[in-house]
1. May I ask you to list pairs of residues, at least six apart or on different chains, whose Cβ atoms are under 7 Å apart, with the first in segment 129-153 being in contact (Cβ under 8 Å) with a residue 40 or more places away in the chain and the second being in a strand (DSSP E or B) and surrounded by fewer than 20 Cβ atoms within 10 Å (Cβ to Cβ)?
2. Search segment 113-135 for residues being of a type outside the set (Ser, Thr, Tyr) and part of a helix (DSSP H, G or I), and hand back the single one that is farthest from Ala193 (Cα to Cα).
3. Inspect segment 259-277 for any residue being within 13 Å of the chain's Cα centre (by Cα) and modelled with pLDDT of 95 or more and give the result as yes or no.
4. Would you point out the residue of segment 111-139, among those that are among the small types (Gly, Ala, Ser) and out of contact with any Gly (no Cβ under 9 Å at 6 or more places or on another chain), that is surrounded by the fewest Cβ atoms within 10 Å (Cβ to Cβ)?
5. Would you check if there is a residue in segment 256-270 being touching a residue at least 24 places away in the same chain (Cβ under 8 Å), touching a Leu at 6+ places or on another chain (Cβ under 8 Å) and assigned to a strand (DSSP E or B)?
6. So, in segment 242-268, how many residues would count as being surrounded by 14 or more Cβ atoms within 10 Å (Cβ to Cβ) and farther than 25 Å from Pro12 by Cβ?
7. Tally up the residues in segment 230-241 that are in contact with a Lys or Arg (Cβ under 8 Å, 6 or more places away or on another chain) and surrounded by fewer than 19 Cβ atoms within 10 Å (Cβ to Cβ), please.
8. State which residue is farthest from Leu111 (Cα to Cα) when the search covers only segment 271-315 and only residues that are part of a loop (DSSP other than H, G, I, E, B) and of a type in the set (Lys, Arg).
Amino acid sequence: MRIVAATPPHTPVLLDRVVELLAAAPDGTVVDATLGAAGHAAAVTAARYDRYGRARLVGIDQDPAALELGSERLAALAADPDVEVVLRHARFDRLPEVLDELGLDEVAGVLLDLGISSMHVDRPERGFSYRSEGPLDMRMNPHAPRTAGDLVNDLPERELAHLLHRYADERFARQIARRIVAARPVSSTTELAEIVRSAVPAAARRTGGHPATRTFQALRIAVNDELTALDAVLPVVLERLMPGGVAVCLSYHSLEDRRVKRAFADAARGCICPPGLPVCGCGRTPLVEPLVRRPERPSEAETTANPRASAARLRAVRRLPTEPTEQVPS
């Protein structure tokens with residue numbers, strides 16, 4: 001099926017590999033839990049239509065603007081009577097509620113494309129970019145109650161420094177927090193970026209990109225509670241896959257990738273009895289098998305064409321046919 005985009009497409013990261021992995025999943029529903037502009041979703045849905053003669057997609061996003069763009073891009077596919085597209089406004093950790101509402105006990109595949117999208121960075125009024133003048137917002141869901149400005153202007157200095165260290169491993173967190181507090185009230189992205197730049201020693205500013213990168217990352221993660229949501233959804237993703245079902249995750253920094261790696265590795269582990277026991281007493285069997293042994297990265301050609309893809313890491317697993325069991329020895 002040829003994909004017709006009604007809106008100018010953003011560039012989906014590792015598109016061919018994501019399509020390859022999810023197109024091979026069993027016949028059934030695929031969930032794109034971070035729909036965005038639907039670049040991945042459209043290509044995956046078209047590939048599954050070509051494979052099975054039908055396709056069903058559930059797209060989830062917490063940003064109403066993203067859902068609108070995604071809906072436009074998927075309209076041509078959804079016009080086919082053998083393609084069903086269902087879109088829901090929700091954060092991805094509400095996946096179980098969405099599936100229950102749709103009467104789906106299990107799905108054939110799930111995609112999580114984490115982090116920030118081009119449509120956020122390229123719109124100054126959303127407040128995600130330090131390069132353009134905009135309000136200190138950073139909410140992926142514009143109806144969420146807390147903005148980056150609330151954190152920047154209200155948090156005590158010590159808590160602000162802790163946030164910068166925890167969510168971005170910012171080595172100058174204390175200096176930056178001190179400078180921010182002294183400059184309050186801070187009202188714009190460019191103002192904050194300049195405050196951060198001035199707090200970072202000159203020698204450190206000469207390497208490693210813009211000095212405000214980590215601060216903006218930390219604030220964005222905190223505003224959107226991204227890591228809490230990720231910790232909540234990963235077990236659900238694995239549990240709701242049908243036998244042979246595939247989960248694919250794209251992460252963009254180590255805090256995300258470590259969580260994905262740990263969740264996938266734990267689900268792929270079998271016996272957890274202490275070494276030396278002659279017979280397994282725990283009865284645990286693996287839930288999934290890895291489809292990617294080490295995180296896959298974009299090619300040099302892709303990162304040249306799309307520099308924002310450079311940080312991406314892909315991990316994927318497939319649900320095993322047997323149900324896991326876990327018994328506690330008496």
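1. As it stands, the answer is Glu133/Ser188; Gly134/Ser188; Pro135/Ser188; Leu136/Ser188, since those pairs meet every condition given.
2. Restricting attention to segment 113-135, the residues satisfying the condition of being of a type outside the set (Ser, Thr, Tyr) are 113-116, 119-128, 131, 133-135.
If we keep only those that are part of a helix (DSSP H, G or I) too, we end up with 119-121, 124-126.
Working: Met119: 20, His120: 17, Val121: 15, Pro124: 14, Glu125: 16, Arg126: 15 Å.
Only one residue tops the list, namely Met119.
3. The first filter runs over segment 259-277 and keeps only residues within 13 Å of the chain's Cα centre (by Cα), leaving 259-260.
Retained after the next criterion (residues that are modelled with pLDDT of 95 or more): 259-260.
Yes, the conditions are met somewhere in segment 259-277.
4. Here is the first cut: in segment 111-139, the ones among the small types (Gly, Ala, Ser) are 115, 117-118, 127, 129, 132, 134.
Still in the list and also out of contact with any Gly (no Cβ under 9 Å at 6 or more places or on another chain): 115, 129, 132.
Values: Gly115: 19, Ser129: 20, Ser132: 17.
That would be Ser132.
5. Checked against the condition, which is being touching a residue at least 24 places away in the same chain (Cβ under 8 Å), touching a Leu at 6+ places or on another chain (Cβ under 8 Å) and assigned to a strand (DSSP E or B), segment 256-270 yields no hits at all.
6. Our first condition is that a residue be surrounded by 14 or more Cβ atoms within 10 Å (Cβ to Cβ); within segment 242-268, this holds for 242, 244-253, 255-257, 259-261, 263-264, 266-268.
After this cut, where a residue has to be farther than 25 Å from Pro12 by Cβ as well, the list is 266-268.
So the count comes out to 3.
7. Our first condition is that a residue be in contact with a Lys or Arg (Cβ under 8 Å, 6 or more places away or on another chain); within segment 230-241, this holds for 230-231, 234, 238, 241.
Now restrict to residues that are surrounded by fewer than 19 Cβ atoms within 10 Å (Cβ to Cβ): 231.
Final tally of qualifying residues: 1.
8. Initially, segment 271-315 is screened for residues part of a loop (DSSP other than H, G, I, E, B), giving 271-287, 291-295, 297-299, 306, 310-312.
Those left that are additionally of a type in the set (Lys, Arg): 284, 293-294, 297.
Numbers: Arg284: 27, Arg293: 18, Arg294: 18, Arg297: 16 Å.
So the residue we want is Arg284.
The values are calculated or read from the model by the stated rules, or taken from the named source; none is laboratory data. Small disclaimer: the values here were computed from a predicted structure and weren't measured. For neighbour counting, all protein chains shown are included, and Cβ atoms are generated from backbone atoms with ideal geometry for every residue, glycine included.
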